[in-house]
Amino acid sequence: MMIEPPKETINEASNLDKPVGVHKLGVLFMWSHPAHLVAMGLGSGLSPIAPGTAGTLWAWIFYVLIQPWMNEFQIALVVFLIWPLGWWVSSVTAKNMRVLDPGSVVIDEIAAFWLILWLLMPANFIEQIAAFILFRFFDAVKPGPVGWADRLFKETGSTGNRRIWYKAGFGIMLDDLVAAGCTLLIMAFWRLAS
C-alpha cells in the first residue's frame, strides 16, 4: 500500500521545493516502499532536527561497525554500488513525496560519507571528526561548486513528467558527491601539511 502525500502538493509545480511534511507521513510512508526505507537511511532521515547530519552520523557509525567484517574489495563494491542505488531510491522517494530534494532523503549523505571514509581510512578519530565537520559544512552551506551542483538539476515542471524525478534523484546525489570531493581535497592538503 502506497502512502500518498497531501493532494494539494501533487499537481502544483510551484510546490516542488516545499516539503510535504514527512513527519505527517513518517514511518508509514518510509515502510510503504523499499526505496523509501533505503532513501531515508533506515529512519535516520526522519530526524526532526538536521536529518542530513543524522544520516551522516548513521553512515559513520555503520561504516565503522561493518569495516572490520569486510575486505577492501567488498567495501569498494558497496561504495560504488550505493551511488546508482541512491540515484534510483532518491528518484522514487522524491517522486512519491512530490518534492525535488526532500530533507528526509539521506542516502546521498550516506553514500558520500562512505566514499570519504573509504578513501580516508586508515584515519584516526580526530581526522574522522574533521572529515565529518567539513562534509557537513560543504553539504549544508553549499559553497562554490557544491551550490552549483545543487542547483544544476533543480528544474520545475510538470509533476507528471517522469524525467523530472530522475533528474531530481541525480541532483540529490550529485551535490553530496561534490561536497565529498571538497572534503577529501581539504583532508589531503591537511595530511600533506602534517
inquiry  = In whole percent, and with a 1.4 Å probe on the protein chains, what portion of the accessible area of region 34-74 is carbon and sulfur?
reply    = 77
query = Each residue of region 136-141 in order: what ³J(HN,Hα) in whole Hz does its phi give by Karplus 6.51 cos²θ - 1.76 cosθ + 1.60, θ = phi - 60°, with x for Gly and Pro?
reply = 5, 4, 4, 6, 7, 7
query = Using the beta-carbon distance between I126 and F170 and R0 = 30 Å, what value does 1/(1 + (r/R0)^6) give for FRET efficiency, to the nearest 0.05?
reply = 0.30
ask   = If you roll a 1.4 Å probe over the heavy atoms of the protein chains, what accessible area per residue do you get for region 113-194, in Å²?
value = 51
ask   = What's the local net charge at D139, with K and R +1, D and E -1, over the other residues with C-beta under 15 Å away?
value = -3
remark   = Residue-ordered couplings for region 81-96, obtained by feeding phi - 60° into the Karplus form 6.51 cos²θ - 1.76 cosθ + 1.60 and rounding to whole Hz (Gly and Pro as x), are 6, 5, 5, x, 4, x, 4, 5, 5, 5, 4, 5, 5, 4, 4, 5
query = For region 93-194, with equal point scatterers placed on the C-alpha atoms only and solvent neglected, what are the log10 I(q)/I(0) values from the Debye formula at q = 0.10, 0.18, 0.19, 0.20 1/Å, to two decimals?
reply = -0.31, -0.81, -0.87, -0.94
query = Using every alpha carbon pair in region 56-147, what percent of pairs falls into each 5 Å bin from 0 up to the bin containing the largest distance?
reply = 2, 12, 21, 23, 20, 13, 6, 2, 0
task = Select from S44, S104, L117 the residue farthest towards the positive end of the dipole of region 30-146; place +1 on Cβ of Lys and Arg, -1 on Cβ of Asp and Glu, and compute about the Cα centre.
result = S104
query = Under 16 Å from the 7 Å Cα→Cβ point of V27, by amide nitrogen: which residues of region 48-86?
reply = 48
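The values are calculated or read from the model by the stated rules, or taken from the named source; none is laboratory data. All values derive from a computational prediction rather than experimental measurement. Glycine also receives a Cβ, built like all others from the backbone with ideal geometry; neighbour counts cover every protein chain displayed. Note: accessible area is taken over every heavy atom of the protein model, side chains too, but ligands, DNA and RNA are not part of it. Shrake-Rupley method; radii C 1.70, N 1.55, O 1.52, S 1.80 Å.
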